[in-house]
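No value in this document is a laboratory result; all are computed from the given coordinates. Treat the numbers as computed from the prediction; the structure is a model and nothing was measured. Cβ: placed from backbone, ideal geometry, glycine included. Neighbour counts: every protein chain shown.
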């Protein structure tokens with residue numbers, strides 16, 4: 001295996017893992033990453049040091065509070081989900097770019113971040129949206145606050161795993177994607193309207 005590829009594996013794994021967390025919550029992973037950067041526990045490259053700045057932490061903190069508490073209100077959760085779709089893709093791209101920031105120049109890390117982070121964030125977001133829609137139709141939205149709390153816990157746990165064991169989390173995300181694709185291919189084709 002090429003040495004350059006081996007050097008990129010940890011960054012790629014971290015990028016995938018961090019972007020996946022953004023697919024569940026947009027702002028919470030950014031806040032957690034910023035706090036770890038500020039504490040010196042997470043190295044994301046000098047171009048992304050702003051994530052640990054006071055201004056960024058205040059913005060991420062306020063947005064996290066709005067996202068987490070607003071998502072517990074049945075009527076607001078749907079609006080937040082619709083508005084949050086592009087934010088989650090952007091947060092996934094930013095977190096992935098920051099992970100790549102340690103192995104290349106800033107422009108390359110941004111391009112890789114968008115190419116890897118946005119699609120990776122889309123997978124858990126789409127799964128969450130489908131699950132939330134099923135929950136809403138089955139319970140009239142009454143179970144959504146409990147599901148939202150579970151999403152908060154999953155985001156924090158996945159983020160912790162992403163930082164501690166990014167290759168395992170990236171592998172788990174890729175396994176879920178493979179299973180979804182396999183399941184999708186196994187479904188019978190939709191009947192044609194004739």
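Observations on the structure shown:
- The calculated pair-distance distribution of the chain uses every alpha carbon pair, bins of 5 angstrom beginning at 0, and gives 1, 8, 15, 20, 19, 14, 10, 6, 4, 2, 1, 0, 0 percent.
- Where labels lie 7 Å past Cα in the beta-carbon direction, separation of residue 149 and residue 180 in nm: 2.6 nm
- Reducing the range 161-183 and the range 105-159 to their Cα centroids gives an inter-centroid distance of 14 Å.
- Förster radius 41 Å - calculated FRET efficiency between residue 142 and residue 108, Cβ distance, rounded to 0.05: 0.30
- Projected label distance in nm at residue 164 and residue 59, using a 7 Å step from Cα toward the beta-carbon: 3.1 nm
- In degrees, nearest ten, helix 166-186 long axis to first principal axis of the chain (Cα): 30 degrees
- Burial ranking of peptide ranges 77-87, 132-142, 21-31, 106-116 (average Cβ count within 10 Å, highest at the top): 21-31, 106-116, 77-87, 132-142
- Highest-first arrangement of 149-155, 42-48, 90-96, where packing means the average Cβ count within 10 Å: 90-96, 42-48, 149-155
- For the chain, the mean residue ellipticity at 222 nm estimated from helices alone is -27500 deg cm²/dmol, where every DSSP H run of n ≥ 4 contributes -39500 (n - 2.57) and the total is divided by all residues, rounded to the nearest 500.
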